[in-house]
Every structure is written in C-alpha cells, then in structure tokens.
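Student: Take this structure, written in structure tokens, and hold onto it; I'll ask about it next.
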Amino acid sequence: MKYYIADQHFFHRNMLTRMDNRGFGTLEEMHEYMIMQWNRKVRKNDEIYILGDLSFGNGENTNAILRDLNGKKFLIEGNHDRHYLKDRKFD
C-alpha cells in the first residue's frame, strides 16, 4: 500500500499551543499518540511519502522517531525540516 502524509511536526512545541492547539499536554504525549496511530494503519512494507515538515527536531531524535514508525519512508524536504537535515547525526 502507498500513503502520502505531510506536516507531522514532531518536536515542534508550537503545535501544542498557538499554531495547531493539538490538545496534548507535552510533546511526548503527542509523539506517542501519533506513532501509535501511524503504526495502527501502516505495515512494514507499505510505502509512505512524507511531503514535508516531518520534524523540528535534531538528527538523533528524528532518527529515533523514524525507527519507531512502520513502513518504507520517502522524505521530501519541507521548510521545518532544516534542523535535522543539517545535523550530521541524521541518517
């Protein structure tokens, strides 16, 4: 199966308040919920095209999120992806 998604904004604190007001108390709660929902739908061999703004985090913590998400992921750079893409620790 193929899926397309954008604007997850992992590690972006403003998603909790003034931008999206996603209704979570912490980033950890938001991440846990998003990963759980993703993995309920996406299987190991599904292809996921991420159309930008995956993460506002650094390379290490973005790698950790990607490892937790099912599927074969194809990343397209968004304007909020520059932090982890410039980080040498991003794989």
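Student: With each pseudo-label sitting 7 Å past Cα toward Cβ, what's the ILE76-ASP91 distance in nm, one decimal?
Tutor: Label-label distance for ILE76 and ASP91, simple model: 2.6 nm.
Student: Let me ask you something else. For the chain, report the accessible area per residue in Å² (1.4 Å probe, heavy atoms, rounded to an integer).
Tutor: About 66 Å² of surface per residue is accessible.
Student: Also, quick follow-up: Rank these by accessible area, largest first, 1.4 Å probe: ASP81, ASP91.
Tutor: ASP91, ASP81
Student: Ordered by residue, what ³J(HN,Hα) values in Hz, to whole numbers, does region 2-14 give under the Karplus form 6.51 cos²θ - 1.76 cosθ + 1.60, where θ = phi - 60° and Gly and Pro are x?
Tutor: 10, 10, 10, 8, 8, 6, 5, 6, 4, 6, 10, 4, 5
Student: Same structure again: Once amide H atoms are built 1.01 Å from N in the peptide plane, which residues 5 or more positions from SER55, or in another chain, come under 5 Å H to H?
Tutor: Excluding prolines and chain starts, which carry no amide H, the hits are HIS9, PHE10.
Student: For region 1-57 and region 69-91, write down the distance between their C-alpha centroids in whole Å.
Tutor: Going from one Cα centre to the other spans 13 Å.
Student: Carbon-plus-sulfur fraction of the accessible area of the chain, 1.4 Å probe, in percent?
Tutor: 48 percent
Student: Whole-Hz Karplus ³J(HN,Hα) for region 36-48, in order, using 6.51 cos²θ - 1.76 cosθ + 1.60 and θ = phi - 60°, x for Gly and Pro?
Tutor: Calculated HN-Hα couplings, in order: 4, 5, 4, 6, 5, 9, 8, 9, 3, 9, 5, 9, 10 Hz.
Student: Check each of the trypsin sites (Lys or Arg not before Pro) in the chain and keep only those in coil by DSSP with at most 11 other C-beta atoms within 10 angstrom; list them in order. If you can, show how the numbers build up before the last one.
Tutor: Values: sites: LYS2, ARG13, ARG18, ARG22, ARG40, LYS41, ARG43, LYS44, ARG67, LYS72, LYS73, ARG82, LYS86, ARG88, LYS89; in loops: ARG18, ARG22, ARG43, LYS44, LYS86, ARG88, LYS89.
Within the chain, the qualifying trypsin sites (Lys or Arg not before Pro) (loop, at most 11 other Cβ atoms within 10 Å) are ARG18, ARG43, LYS44, LYS86, ARG88, LYS89.
Student: If you don't mind, there's one more thing I want to ask. What number do you get for the chain when its Cα radius of gyration is normalised by 2.2 N^0.38 Å, N = residues?
Tutor: Rg over 2.2 N^0.38 Å, computed on Cα atoms: 1.03.
Student: Heavy atoms only, 1.4 Å probe, whole protein assembly: order MET30, MET36, MET1 by accessible area, highest first.
Tutor: MET1, MET36, MET30
Student: Counting Lys +1, Arg +1, Asp -1, Glu -1, what net charge surrounds TRP38 among other residues with beta carbon under 14 Å of its beta carbon? Mind showing how you got there, number by number?
Tutor: On the way: positive: ARG40, LYS41, ARG43, LYS44, ARG67, LYS72, LYS73; negative: ASP7, GLU32, ASP46, GLU47, ASP68.
Result for the neighbourhood of TRP38: +2.
The values are calculated or read from the model by the stated rules, or taken from the named source; none is laboratory data. What you are looking at is a predicted structure, and each value in this text was computed from that prediction instead of being measured. Please note: Cβ atoms are built from the backbone with ideal geometry, for glycine as well, and neighbour counts cover all protein chains shown. All accessible areas refer to the heavy atoms of the entire protein, side chains included, with ligands and DNA or RNA removed. Shrake-Rupley method; radii C 1.70, N 1.55, O 1.52, S 1.80 Å.
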